[in-house]
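Here is the structure we will look at.
The values are calculated or read from the model by the stated rules, or taken from the named source; none is laboratory data. Model, not experiment: these values are computed from the prediction. We place every Cβ from the backbone using ideal geometry, glycine too, and count neighbours over all the protein chains shown.
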């Protein structure tokens, strides 16, 4: 194997990343003058130890048929081999002595004295790092639309597939379908396949291998200027720009939309926002939050809070009548007035199945209040078995 000194510094770099094993070469250390001097020993002691998951880089010092050797001064020599060599063959063909290669440490020292690194993990780590930088710096990316589904568009960036929700499209690209028919929406979205859009990354999740894009954020400075005209508690007239399962997007003005989350649409239970609103409808809303250039709105905040009526009327221990309006994984939601509901937990019955045997949707029963916090809009109830006469 060709030797190299700790002073080797080669500027050439390639775009590939490889699994590398670094061997601690004791024989090299004996031959190196610097290591035999007091200054050399002090230098070695001052070097921070290599750590698992760290990204490292070193120049290629030898290329063989099934392996590549890398120098990682002052730690020793690395090697690309085995399955990872095979997986990286396309890139390895282009490698020559002197090329710098980056890799991620997966094992600091194996039984043969090598430090093992990963090609795939290094490449992914660098890509996700680039994604975080793009989010922080609000970089605008010109990217083509690969595919479309009923929820939005598929975008590819650096080999990673990301998602552009329909709600994050600019008004001119948002599928304006009056009846919110998902098949019609899909047909409209498919018209964008192949087109290039100016996008920003608004969320990156390496663990879930997921990127979320937005077309609305492509001019952050302009958006910041527009958002700056508004303040929390402002009441504004808007137009419904889009309806999704989790809420409604309202157009505040040209170039600015805000989200009304489903929990802020009404004091009563909202199952489907599409049943309450239509695209193009004019509506008034209140700004409840401005954060990171985004506006959150509320429609229910402009309506009277029904919980206030019960602040002095209801307390823990009271017996009330209520109608079952919904089942969820925790139990049954019981309404005592439009917009005021409490939870009857499954544990009151022993299981979810037994709760559903006793209670029916739309039926009225007697309950006892076990917790009542009107300011937080929270209430829990327990079912009272009716005594047959």
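Looking at residue 131, is it modelled with pLDDT of 85 or more, over 23 Å from residue 58 (Cβ atoms) and outside the structural domain of residue 208 (by TED's automatic domain parsing)? Answer is yes for this residue. Considering only the range 164-213, state which residues are in a strand (DSSP E or B) and free of Cβ contacts under 8 Å to residues at least 60 places away in the same chain. 164, 196, 197, 198, 199, 205, 210, 212 - these are the residues of the range 164-213 that are in a strand (DSSP E or B) and free of Cβ contacts under 8 Å to residues at least 60 places away in the same chain.
Would you confirm whether any residue within the range 314-324 is in the same structural domain as residue 342 (by TED's automatic domain parsing), free of Cβ contacts under 8 Å to residues at least 24 places away in the same chain, under 24 Å from residue 381 (Cα atoms) and not in a strand (DSSP E or B)? Taking every residue of the range 314-324 in turn, none turns out to be in the same structural domain as residue 342 (by TED's automatic domain parsing), free of Cβ contacts under 8 Å to residues at least 24 places away in the same chain, under 24 Å from residue 381 (Cα atoms) and not in a strand (DSSP E or B). Consider the range 234-270 and keep the residues that are part of a loop (DSSP other than H, G, I, E, B) and over 26 Å from the mean Cα position of the chain (by Cα). The one that is surrounded by the fewest Cβ atoms within 10 Å (Cβ to Cβ) is 254. The single residue among 103, 125 that is touching a helix residue (DSSP H, G or I) at 6+ places or on another chain (Cβ under 7 Å), outside any loop (DSSP other than H, G, I, E, B), in contact (Cβ under 8 Å) with a residue 60 or more places away in the chain and surrounded by 16 or more Cβ atoms within 10 Å (Cβ to Cβ) turns out to be 103. Any residue at all in the range 134-145 that is closer than 12 Å to residue 213 by Cβ, within 19 Å of the chain's Cα centre (by Cα) and in a strand (DSSP E or B)? Looking through the range 134-145, at least one residue is closer than 12 Å to residue 213 by Cβ, within 19 Å of the chain's Cα centre (by Cα) and in a strand (DSSP E or B).
Of all residues in the range 273-291, those satisfying the criterion of being without any contact (Cβ under 8 Å) to a residue 40 or more places away in the chain and surrounded by 11 or more Cβ atoms within 10 Å (Cβ to Cβ) are 273, 276, 277.
The set of residues from the range 369-381 being exposed (fewer than 14 other Cβ atoms within 10 Å of the Cβ) and within 18 Å of residue 346 (Cα to Cα) comprises 371, 378.
Of the residues 297, 333, 343, the single one that is under 35 Å from the mean Cα position of the chain (by Cα), in the same structural domain as residue 259 (by TED's automatic domain parsing) and either over 30 Å from residue 237 (Cβ atoms) or at pLDDT 90 or above (or both) is 297.
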